[in-house]
Amino acid sequence: MRPGHLFIVGFMGAGKSTVARMVAEQIGLPCIDLDAEIERHEGMPVTRIFESVGEDGFRARESEALRALESAPRSVVACGGGIVIRPDNRVVLKRLGTVVYLQVTAAEALARVGDVSTRPLLSGPSGMLAATSLLTAREGLYRSVADIEVDTVGRGPDEVASLVVERVRGAK
Ligand code: S3P
């Protein structure tokens, strides 16, 4: 395994937070959830951050939280689904560690998220339309930062976590 953090990226509902916790446990590293870090720092949930400062305000805080990891002990980091939107973030991800992309389809992502009220970008009139267009726009960005890609469709978090650990251990 290369030095640095192990970043887990992918669309909402890909299972990033759950898989990150399992992988962290298996490889013996701490686990950081970037959305949870932002929420803790701001003292409010992501939905309220979107309401009060808009998506741009949230993205600025997300970039700050990512940069703060430069001085954090080596960890497994579950990133929010939009971390790859900003080009600067993509550079930071590549610089600070190994990136694992958990793939999921729009339909599967929506099914897993269930209640979209906690996902401001999916909670409009058509969740399916929003998920499909966001995923189409982002797929190439996830791929551009990924060192490792794992398809999660038809797999539970246990199986995905084992595959990630196997691939990470095999990566030079
Ligand atoms: C977002 C994903 C969310 C959260 C915010 C924006 C996105 O995180 O950061 O709602 O743009 O895809 P999860 O991927 O953990 O749901």
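The values are calculated or read from the model by the stated rules, or taken from the named source; none is laboratory data. Fair warning: this is a prediction, and the values are worked out from it, not measured in the lab. A quick note on method: Cβ atoms are made from the backbone with ideal geometry, for glycine too, and the neighbour counts reach across all protein chains shown.
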Would you pick out the residues in the stretch 5-30 that are assigned to a loop (DSSP other than H, G, I, E, B) and of a type in the set (A, V, I, L, M, F, W, C)?
-> Phe11, Met12, Ala14, Leu29
Does Arg74 satisfy the condition of being in contact with a strand residue (DSSP E or B) (Cβ under 9 Å, 6 or more places away or on another chain) and among the charged types (D, E, K, R)?
-> yes
More than 12 Å from the ligand (Cβ to nearest atom), in contact with a strand residue (DSSP E or B) (Cβ under 9 Å, 6 or more places away or on another chain) and of a type outside the set (A, V, I, L, M) - does that describe any residue in the stretch 105-128?
-> no
Just name the residue that is surrounded by the most Cβ atoms within 10 Å (Cβ to Cβ) out of those in the stretch 9-48 that are among the charged types (D, E, K, R) and near the ligand (Cβ under 10 Å from one of its atoms).
-> Lys16
Checked against (1) at pLDDT 95 or above; (2) within 13 Å of the ligand (Cβ to nearest atom), Arg143 satisfies every condition except (2)
Residues (modelled with pLDDT of 95 or more, away from the ligand (no atom under 15 Å from the Cβ) and not acidic (Asp, Glu)) located in the stretch 49-93 | Arg67, Ala68, Leu69, Ala72, Pro73, Arg74, Ser75, Pro87, Val91, Val92
So Arg2, is it at pLDDT 95 or above, of a type in the set (Lys, Arg) and outside any helix (DSSP H, G or I) = no
Restricting to the stretch 52-75, what's the tally of residues that are over 16 Å from the mean Cα position of the chain (by Cα) and touching a residue at least 60 places away in the same chain (Cβ under 8 Å)?
-> 3
Just checking, which of Ala106, Ala111, Ala78 is surrounded by fewer than 16 Cβ atoms within 10 Å (Cβ to Cβ), closer than 22 Å to Gly156 by Cβ and in contact (Cβ under 8 Å) with a residue 24 or more places away in the chain?
-> Ala111
